[in-house]
């Protein structure tokens, strides 16, 4: 029973991270007016469903949905990491093949390393780790 409650708390934490990430991306685009590049859109494609999947899972206490959030966040990690490399590794910016909005562009650059893809990478990583913890704790159930 203790593992069940702990896993439910982890599920809620993962959902909270996905909600904050989604609201943050909407704040950057809809309030601040930052136009998302192509890779930002791909990251959104993988983050936004996690909010719905985990939101329903939290309400239904369905821990098996952590598999789907692990898959979505795992793919999101790869996209966000590549996007971050485009921004921060000098040679990588030459690979930037985004359309009108360059993917190597940086709307924010807090402390010299925190960019929007970095924030997405952190969010996806936290969700992935929490999802894997839930799956490991509830193996065989």
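Computed from the coordinates by the stated procedures, all read-outs in this text should not be read as laboratory data. Note that this is a predicted model, so its numbers are computed, not measured. Cβ sites come from the backbone with ideal geometry, for glycine too, and all protein chains shown count toward neighbours.
Using mean Cβ contacts within 10 Å as the protection proxy, how do 104-114, 3-13 order, highest first? It would help to have the intermediate numbers written out before the result.
On the way: 104-114: 12.1, 3-13: 15.8.
Output ranking for 104-114, 3-13: 3-13, 104-114.
Expressed as an acute angle from 0 to 90° and rounded to the nearest 10, what is the orientation of the C-alpha long axis of helix 38-60 relative to the principal long axis of the chain?
On a 0 to 90 degree scale, this one is about 20.
Between residue 23 and residue 97, what is the spin-label point distance in nm, taking each point 7 Å from the Cα along the Cα→C-beta axis?
Distance between the two pseudo-spin positions: 3.8 nm.
Can you tell me the orientation of helix 2-26 relative to the chain, as the angle in degrees between its alpha-carbon axis and the longest Cα principal axis, to the nearest 10?
Rounded to the nearest ten degrees, it is 20.
Among 71, 58, 89, what is the fewest-to-most ranking by other Cβ atoms within 10 Å?
Ranking 71, 58, 89 by Cβ neighbours within 10 Å, fewest first, gives 89, 71, 58.
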